[in-house]
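Everything on this sheet refers to the single structure shown next.
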Amino acid sequence: MDNILAFGAASAEAGRVDAVFLFIAVIGGFFFLLTQGLLIYFAVRYRRRSPDRDNETPGITGNHLLEFFWVLIPSIVVMAIFYYGWIVYADLRAPRTGATEVYVTGRQWMWEVKYPDGRTAINEIRVPVGKPVHFLLTGADVLHGFYLPDFRVKMDAIPGRITSLWVQPDRPGQYQIFCTVYCGDGHSNMQARLIVMPPEQYAAWASGEERHGEGKDRETLHERGERIVGSAGCLNCHAIAGKEKVGPNFHGLYGSTVPLADGMSVKADEEYLRESIVDPGAKVVKGYPNVMPTFKTTLKPEEVQAVVEYLKKPD
């Protein structure tokens, strides 16, 4: 029964969670049909009859045996649902040996990813297929919810605490990650992707051979910067045009005079854009909160250069 509803499921855990929901749905459907069928039967059987017939309801005083089974059967059903659900829940929370560890920090409004060997990423997690993965989650500011719908698992990322989530991907592919806890204006844009790779491709990526992916060498610097801005979650806080967000608007930023929180002003040239990416607290723009994380260890110098090139003409 574990994999009976595995449509869209990318792990063994997903099949078991689906089976629990199917189990509850079948039981609920059975009792719905039973009670509604009896309701219709009694409505017809004991309906008001013609005046010349006896319409008096029989005097029913109770039936102890019926009442006993009426309490016993639902109790057994509820305990069965609890037991089955607990078995699956305990399996989801059980540690797995040989798991790949990934540290994930929820931050308004992006997911920061760190691997034990020091590699970092934003809004993108890569793991090998067929091997357990241990996510260690925390929040940098407010409560976030790390949710993998294709794996049927979710865990809160809580500031000041580390929570654990275990999965074992069964199929290579790309899977969406959502935040399930409202965390501010950019909550709906706080999305990331989990990339499940065949073992040999994951090994090549981990060694640096495929770190940038296929076809990226043919990108112009502007195109690469646009891709990085999108994948790094920059647009969760910065608008290109239109309604202002948490951070300054990218439209018309390059070459403009930017007023700072300390009363000074600075021209938004290439050096200012680069510094704002790697050390955003150095020059805080007037009227905007100092909440942007540093990308100094997340983006390589050539990637920062690509983002700067894109910001010079983002539209």
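Here are the numbers:
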{"read-out": "Residue list for the range 255-302, restricted to those being open to solvent by less than 70 Å² (accessible area, probe 1.4 Å), in contact with a strand residue (DSSP E or B) (Cβ under 6 Å, 6 or more places away or on another chain), free of Cβ contacts under 8 Å to residues at least 24 places away in the same chain and not in a helix (DSSP H, G or I)", "value": "V266, A268"}
{"read-out": "Residue satisfying all of: in the range 87-111; assigned to a loop (DSSP other than H, G, I, E, B) and without any contact (Cβ under 8 Å) to a residue 40 or more places away in the chain; surrounded by the most Cβ atoms within 10 Å (Cβ to Cβ) among these", "value": "G98"}
{"read-out": "Tally, over the range 140-186, of residues that are farther than 26 Å from A19 by Cα, open to solvent by 10 Å² or more (accessible area, probe 1.4 Å) and touching a residue at least 24 places away in the same chain (Cβ under 8 Å)", "value": "7"}
{"read-out": "Test for K245: is it within 20 Å of A140 (Cα to Cα) and exposed (fewer than 14 other Cβ atoms within 10 Å of the Cβ)", "value": "no"}
{"read-out": "Qualifying residues in the range 116-138 (those that are open to solvent by less than 10 Å² (accessible area, probe 1.4 Å) and without any contact (Cβ under 8 Å) to a residue 60 or more places away in the chain) - the one farthest from Y202 (Cα to Cα)", "value": "L137"}
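The values are calculated or read from the model by the stated rules, or taken from the named source; none is laboratory data. Just so it is clear, the model here is predicted, and its values are computed rather than measured. Glycine also receives a Cβ, built like all others from the backbone with ideal geometry; neighbour counts cover every protein chain displayed. Surface accessibility is based on the protein's heavy atoms, side chains included, excluding ligands, DNA and RNA. Shrake-Rupley method; radii C 1.70, N 1.55, O 1.52, S 1.80 Å.
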